[in-house]
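A quick write-up on the structure given underneath.
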Amino acid sequence: MVTKTRRRVPRLVWAGFGLVAAVLCGWTVEAAAAAHLDPALLGVAAYVLVWVPLVLALILSFAGQTVRDAAAYLGLRFRAIDLLWGVGIGCLARAADALIRTLATGSTGLAPQPTLSSIGGLGVQAVALGIIAPVVIAPILEETYFRGLVLRSLAAALGRFSAAARWAAAVVITAAAFALVHALLLAGTPGEAVLTGLSTFLFALLAGAVAAATQRLGGAIVGHVVFNGLGVLLTLAI
């Protein structure tokens, strides 16, 4: 008796579904914002509805495998040198973002965090939505997804090319996807979308290059923490 083995859905397919679902869910929050709902509630909804599809895609990509196997594939490792890499690319990307925006608009584009100003003060909700979510949770989840799942799945799919070519292509494509998602979800006008896309694309190139070179996510995660953290810190100082 011949038994048929069930073919697994390629991880790259799950990664694509997760990105599309995240954008669609993010747009539903923007539509709800027109109803003038509580800003704090919208802030929670925005993070949850965008992150849930990414988490589900990660789970489905490694269904039937152990957490250790998934972590090994994604490159979830950290070494001391990753701290240096991360601080370097985070500061460089934040400086480049300020320069791009200053040249384009005459301003760095930094403004008080909406959740902090709308809630008033540094309450529990403000800290959670304005600091913990973008500086801690987002870097870990987004780097695991983009520089882990998407980048490595793309590199594997381009296996017919040389190692250098496929990793370089994977870094650029992943950076473009990262920038597009952020431009679609965070930008309110076409001009802002372009600026957001440029700055996030540059950061993603640096994070992807470090992740590909080290085969670890440690540097990319630290870089994302520094990039977002500097943005929050500077807006709090305004």
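Taking the stretch 81-108, which residues are at pLDDT below 95 and among the β-branched types (Val, Ile, Thr)?
Within the stretch 81-108, 100, 102, 105, 108 meet the criteria.
If you check residue 225 against the conditions, is it closer than 14 Å to residue 143 by Cβ, surrounded by fewer than 22 Cβ atoms within 10 Å (Cβ to Cβ) and at pLDDT 95 or above?
yes
Quick test of your reading of the structure: residue 199 fulfils all but one of (1) outside any helix (DSSP H, G or I); (2) surrounded by 15 or more Cβ atoms within 10 Å (Cβ to Cβ). Name the failing condition by number.
Every condition holds for residue 199 apart from (1).
Conditions first: (1) in contact (Cβ under 8 Å) with a residue 40 or more places away in the chain; (2) buried (at least 17 other Cβ atoms within 10 Å of the Cβ); (3) not charged (D, E, K, R). Residue 175 passes all but one, so which condition is the exception?
The number of the failed condition is (1).
The values are calculated or read from the model by the stated rules, or taken from the named source; none is laboratory data. The structure displayed is predicted, hence computed values, not measured ones. Note that each Cβ is placed from the backbone with ideal geometry, even for glycine, and that neighbours are counted across all protein chains shown.
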